[in-house]
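Report on the following structure.
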Amino acid sequence: MTTYHHFVTLQLEDGSMPMYVATPEGATEKHPVAFVIHGHGGVTPSDFAACDRFAEEGFVGVAPDLFYWGQKCFSANELDSRRNQLSDPSVIRAITSANAYFQRQSYVQPGKYGIIGFCMCGRVAFLMATGDPDNCGAAASHYGGGIMRGEGGPAPSSRFKEVRASLQVFHGDKDFHPPLDEILELDRVLSASGIPYELHRYTGFGHGYMGRKNAASEDAWPKMLAAFRMNIGIPTGQTCVRQMASSIT
C-alpha cells in the first residue's frame, strides 16, 4: 500500500508539540489511529518507520514528540535530565489532546486508538491504557520498564482493573533495562488483576530489537497488528487474524 506523510504541530498550554503522521493513500476513506511513542532519546527514524509500517497496513501512524517542552540535548546527561522532567499527567494530557485533534480529521476513523511504545514509552503505552480507558483500545509495550511505579500520578499497574484495551508485553530476555525479573513481576501483577493480556518473550534478544529486521521484530509485528485490527477497527480490505503468545530464541 502506498503511504503519504506530513507533520502537524499541536498547540498545547506548555508549548507546541510536533507530530509525524503517516497515512494510507487516499483521503476519502477513514482509518484508525495508531500512536507510536518514542524512547528515552526522543523521536527517531525508527519511530517514523513504525508509523510508515502502520500506514502500509491501513492505519494512520502518528509519532508525537513528548519532549516538545524540553531542552535540546547534546549529551547523555542532558537526555537523562530531560527524561526526569517528564510526568504522567503531562503525558496523558499531550496524547489525549493529540487524539482529540485526529478524531476531528476527515481521514480518521472515529473511535478508539491504539498505542505502542518503546523503552521508556513502553510504559507510556500502558499509562494510556489505564489513564484513558474510554479511548485507548490497544496498547503494546516493547521492553518498557517502570510500569509498576508512578511518575507524578498513580502507577499504571495500580489501575489495571480499569483497562478496556488489549494489552501486550514484548520483551527480549537478554535486556538489562528493564531486566527480565521486572517483566516477570509485571506478568505476575497482570495475572493477578484478572484482565486479559499477552506476554511475548524473545530469549535470544536484548534491548532495541524493534529498530531492525530480525526474528523478534518479524514475530512481533503480526501480533500487534492482529490486536490492533481486532480492538480499534479493521482497516478497509484487511482481515483480522488473532495470534497468541509465543517465544522466539
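I'd like the full set of residues that are assigned to a loop (DSSP other than H, G, I, E, B) and either modelled with pLDDT under 95 or at positive phi (or both), limited to region 197-230. Break it down into steps so the answer makes sense when it comes.
Of the residues in region 197-230, the ones assigned to a loop (DSSP other than H, G, I, E, B) are 197, 203-208, 212-214.
THR203, GLY204, PHE205, GLY206, HIS207, GLY208, ARG212, LYS213, ASN214 - these are the residues of region 197-230 that are assigned to a loop (DSSP other than H, G, I, E, B) and either modelled with pLDDT under 95 or at positive phi (or both).
Looking at region 99-187, what strands (runs of 3 or more DSSP E) fall wholly within it and have at least 1 residues that are aromatic (Phe, Trp, Tyr), crowded, with 16+ Cβ neighbours inside 10 Å and touching a residue at least 24 places away in the same chain (Cβ under 8 Å)?
On the way: elements: 113-118, 136-142, 166-172.
Because the criterion is at least 1 residues that are aromatic (Phe, Trp, Tyr), crowded, with 16+ Cβ neighbours inside 10 Å and touching a residue at least 24 places away in the same chain (Cβ under 8 Å), the strands (runs of 3 or more DSSP E) in region 99-187 that meet it are 113-118, 166-172.
Please specify each residue of region 5-27 satisfying the condition of being in contact (Cβ under 8 Å) with a residue 24 or more places away in the chain, open to solvent by 40 Å² or more (accessible area, probe 1.4 Å) and either assigned to a strand (DSSP E or B) or polar (S, T, N, Q) (or both).
Hits for region 5-27 are HIS5, SER16, PRO18.
Looking at region 11-58, which of its residues are more than 25 Å from SER141 (Cα to Cα) and not β-branched (Val, Ile, Thr)? Explain how you work it out, then say what you get.
The first filter runs over region 11-58 and keeps only residues more than 25 Å from SER141 (Cα to Cα), leaving 11-16, 25-30.
Those that are more than 25 Å from SER141 (Cα to Cα) and not β-branched (Val, Ile, Thr): GLN11, LEU12, GLU13, ASP14, GLY15, SER16, GLU25, GLY26, ALA27, GLU29, LYS30.
Can you tell which of ALA55, ALA49 is more than 12 Å from the chain's Cα centre (by Cα), surrounded by 24 or more Cβ atoms within 10 Å (Cβ to Cβ) and part of a helix (DSSP H, G or I)? I'd like the intermediate steps shown before the answer.
Numbers: ALA49 fails: surrounded by 24 or more Cβ atoms within 10 Å (Cβ to Cβ).
Answer to the check: ALA55.
Name every residue in region 58-88 that is open to solvent by less than 40 Å² (accessible area, probe 1.4 Å), among the aromatic types (Phe, Trp, Tyr) and free of Cβ contacts under 8 Å to residues at least 40 places away in the same chain, in order of residue number.
Listed by number, the list holds a single entry, PHE67.
Would you be able to tell me the number of residues in region 29-46 that are over 14 Å from VAL60 (Cβ atoms) and either of a type outside the set (Gly, Ala, Ser) or part of a loop (DSSP other than H, G, I, E, B) (or both)? Please lay out each step first, then the result.
We begin by selecting, within region 29-46, every residue over 14 Å from VAL60 (Cβ atoms); these are 37-46.
This time we only want the ones that are either of a type outside the set (Gly, Ala, Ser) or part of a loop (DSSP other than H, G, I, E, B) (or both), so: 37-38, 40-41, 43-45.
Residues meeting the conditions: 7.
The values are calculated or read from the model by the stated rules, or taken from the named source; none is laboratory data. This one's a predicted model, so the numbers in the text were calculated from it and none came from an experiment. For neighbour counting, all protein chains shown are included, and Cβ atoms are generated from backbone atoms with ideal geometry for every residue, glycine included. Surface areas here come from the heavy atoms of the whole protein model, side chains and all, with no ligands, DNA or RNA. Shrake-Rupley method; radii C 1.70, N 1.55, O 1.52, S 1.80 Å.
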